[in-house]
Amino acid sequence: MTINPELPIKFSRTHRLQWEEAQQKNVILYPEGMVELNESSAEILKLCDGTRNLAQIVSDLEQKFSTSGLTNDITAFLEVALQNGWINQN
Amino acid sequence: MAGLIKTNPSTTLRADPTTTVGADSSATLRAGITPPRWLLAELTYACPLQCPYCSNPLDYTKYQTELDTEDWKRVLTQARKMGAVQLGFSGGEPLTRKDLTELVKHARDLGYYSNLITSGYGLTEEKIIQLKEAGLDHIQVSIQASSQELNDHIAGTASFEHKKQVAHLVKKHGYPMVLCVVIHRENIHQMPEILAMAEELGADYLELANTQYYGWAHANRDLLLPTQAQFKKAEAIAQAFKETVTGKMKIYYVVPDFYEDRPKACMNGWGTTFLTVAPDGVALPCHSARDLPGLNCPNVKDYSVEEIWNESKAFNFFRGDDWMKEPCRSCDEKDKDFGGCHCQAYLLTGDMYNADPVCSKSPDHGVIQQAIDSAAKSALSANEKPLLFRNSKNSKLLS
């Protein structure tokens, strides 16, 4: 499973992305399970709102953090996210 | 076994050892104690089904009083404040509680991820919609077998067609659907049909839960425990199937620990992650702990969740490794499995401080082989005793 660069990316509607005050972390919640996210993973997933494709997510984050060259890292993470069903494209 | 196997579905929620509750949190934790992450709310012991492997205590009829709505709301609020985030509404059959929707709503307002763990019996489309609107995140439906005849026999209730209909409705209304099938000698031969059924019903997750031999399952072990050959065959079929549904369905496989060399890391470590509250308000470090002697498990009517989690004798009993005897004490794997399951050690060796006898290093490991031999002999016997079904009549006889 790979990311289609053309299509927008949307966070799964059967998962929940949530800030956990007690853990001071964003987490993904799904049936009887939880994944703890680091800050950059959470920033990427927050942009998966069904309006942006891969290039737009990269560009938004590069702008937000005043940096460049994030394409490879973001693509690699999104492929993991896709394989885990956290995001989808269609 | 790699790939298919998850040690225990209840340990998917990993406690992060680095997690700390800081000064900005409104609940406090004692040093060295991790906060609860998983609250299992056993709302009731009432259940229309009679499954002979039920994990409720054999003498459940002794505990007739149930917490009221305000008690449960208080418990949910207190546990959430400490950091609990996954919430299971379980039982018995949680649908028998009239205030279920109200509790689901309260849980959603607090930010829990709510799981309804149900037989599906009595679940209507109207209720499924009502629970969704209240904020329920997920419904786990149990099915006892892939055929109506066997399902209805094991459940002790004609429920097969209704359960399948409920599974469809759960999907229709946008919930992630987990199908749970408890595996034992009566249905293990149906593995191919069980997998096909899960696919047909569109399950997002399939939990293949090899029976864990506590409570009613312990009493019925001779009739439920499959042979190793049966396990291996079923597991190979499940593994092959798993590869065909990658990306569509996730399979949770609860390991048959009687055929393992090492015990399960029970509850992810005692008092580290899981909090069960029984229908009468007794707080338990694991749902079988009620049967352990001398724990004096506290009641949420008498103490706050914070006091129970931090201070109670029961929750501190097996924290750390000071309690360990040999072979656990000097074992280099003690941080991995924490000595295994205390309830199993107690049930099978009579001493809850012993190593879980599933471990091949345990001097009592022979009791596992004896159990396997006894079950195999029972399966061959012409006049095998009947299954002891989980119902009030049998519970009263056993109390």
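The values are calculated or read from the model by the stated rules, or taken from the named source; none is laboratory data. Because the structure is a prediction, the values reported are computed rather than measured. We place every Cβ from the backbone using ideal geometry, glycine too, and count neighbours over all the protein chains shown.
Just a yes or no: is a residue in region B:295-309 touching a Gly at 6+ places or on another chain (Cβ under 6 Å) and closer than 30 Å to B:D373 by Cα? Checked against the condition, which is being touching a Gly at 6+ places or on another chain (Cβ under 6 Å) and closer than 30 Å to B:D373 by Cα, region B:295-309 yields no hits at all.
Conditions (1) in a strand (DSSP E or B); (2) over 24 Å from B:Q140 (Cα atoms); (3) touching a His at 6+ places or on another chain (Cβ under 7 Å), marked per residue:
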| residue | (1), (2), (3) |
| --- | --- |
| A:E6 | no, yes, no |
| A:Q18 | yes, no, no |
| A:E36 | yes, no, no |
| A:E43 | no, yes, no |
| A:T51 | no, yes, no |
| A:I57 | no, yes, no |
| A:D73 | no, yes, no |
| A:L82 | no, no, no |
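Residues are listed down the side, and each one gets a yes or a no for (1) at pLDDT 95 or above; (2) not acidic (D, E):
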{"residue": "A:M1", "(1), (2)": "no, yes"}
{"residue": "A:A22", "(1), (2)": "no, yes"}
{"residue": "A:P31", "(1), (2)": "no, yes"}
{"residue": "A:E39", "(1), (2)": "no, no"}
{"residue": "A:C48", "(1), (2)": "yes, yes"}
{"residue": "A:Q56", "(1), (2)": "yes, yes"}
{"residue": "A:D60", "(1), (2)": "yes, no"}
{"residue": "A:K64", "(1), (2)": "no, yes"}
{"residue": "A:L70", "(1), (2)": "no, yes"}
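Taking B:D222 as the residue in question, decide whether it is closer than 23 Å to B:Q344 by Cα and either acidic (D, E) or free of Cβ contacts under 8 Å to residues at least 60 places away in the same chain (or both). Judged against the criteria, B:D222 is a match.
Scanning region B:60-80 for residues that are within 14 Å of chain A (Cβ to nearest Cβ) and without any contact (Cβ under 8 Å) to a residue 60 or more places away in the chain yields B:T77, B:R80.
Could you check, for region B:368-379, whether at least one of its residues is touching a residue at least 12 places away in the same chain (Cβ under 8 Å) and acidic (D, E)? Scanning region B:368-379, I find no residue that is touching a residue at least 12 places away in the same chain (Cβ under 8 Å) and acidic (D, E), so the answer is no. B:K248 meets the stated requirement of being of a type in the set (K, R) and either within 14 Å of chain A (Cβ to nearest Cβ) or buried (at least 23 other Cβ atoms within 10 Å of the Cβ) (or both). For B:D204, the criteria (1) charged (D, E, K, R); (2) at pLDDT 95 or above; (3) surrounded by fewer than 23 Cβ atoms within 10 Å (Cβ to Cβ) hold in every case but one, which is (2).
Give the residues of region B:276-287 that are assigned to a loop (DSSP other than H, G, I, E, B), touching a residue at least 40 places away in the same chain (Cβ under 8 Å) and not acidic (D, E), sorted by residue number. Those that are assigned to a loop (DSSP other than H, G, I, E, B), touching a residue at least 40 places away in the same chain (Cβ under 8 Å) and not acidic (D, E): B:A278, B:P279, B:G281, B:C286, B:H287.
The residues listed here are B:A236, B:A219, B:A155; of these, the one that is away from chain A (no Cβ under 14 Å), small (G, A, S) and more than 22 Å from the chain's Cα centre (by Cα) is B:A236. Whether a residue is among the hydroxyl-bearing types (S, T, Y), touching a residue at least 60 places away in the same chain (Cβ under 8 Å) and more than 23 Å from B:K172 (Cα to Cα) was assessed, and A:T75 passes this test.
When B:T69, B:T61 are checked against the criterion of being over 27 Å from A:V27 (Cβ atoms) and touching an Asp or Glu at 6+ places or on another chain (Cβ under 6 Å), a single residue qualifies: B:T69.
For every residue, the table says whether it meets (1) surrounded by 14 or more Cβ atoms within 10 Å (Cβ to Cβ); (2) basic (K, R); (3) within 14 Å of chain B (Cβ to nearest Cβ); (4) farther than 30 Å from B:V85 by Cα.
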site: A:S12; (1), (2), (3), (4): yes, no, yes, no
site: A:F77; (1), (2), (3), (4): yes, no, no, no
site: A:V80; (1), (2), (3), (4): no, no, yes, no
site: A:G85; (1), (2), (3), (4): yes, no, yes, no
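Selection of region B:65-90 for residues being farther than 22 Å from B:E307 by Cα and surrounded by fewer than 21 Cβ atoms within 10 Å (Cβ to Cβ) yields only B:T65. Checking each residue in region B:168-178 for being buried (at least 18 other Cβ atoms within 10 Å of the Cβ) and either β-branched (V, I, T) or within 14 Å of chain A (Cβ to nearest Cβ) (or both) picks out B:V170, B:Y175, B:P176, B:M177, B:V178. Listed by position, the helices (runs of 4 or more DSSP H) inside region B:288-399 whose residues that are among the charged types (D, E, K, R) and within 29 Å of B:L39 (Cβ to Cβ) number at least 3 are B:305-311, B:334-337. Taking into account only those residues within region B:81-96 that are closer than 27 Å to B:V166 by Cα and within 14 Å of chain A (Cβ to nearest Cβ), which is farthest from the chain's Cα centre (by Cα)? The selected residue is B:V85. Taken over region B:93-141, the criterion of being farther than 30 Å from A:Q23 by Cα, in contact (Cβ under 8 Å) with a residue 60 or more places away in the chain and buried (at least 21 other Cβ atoms within 10 Å of the Cβ) is satisfied by B:S119 alone.
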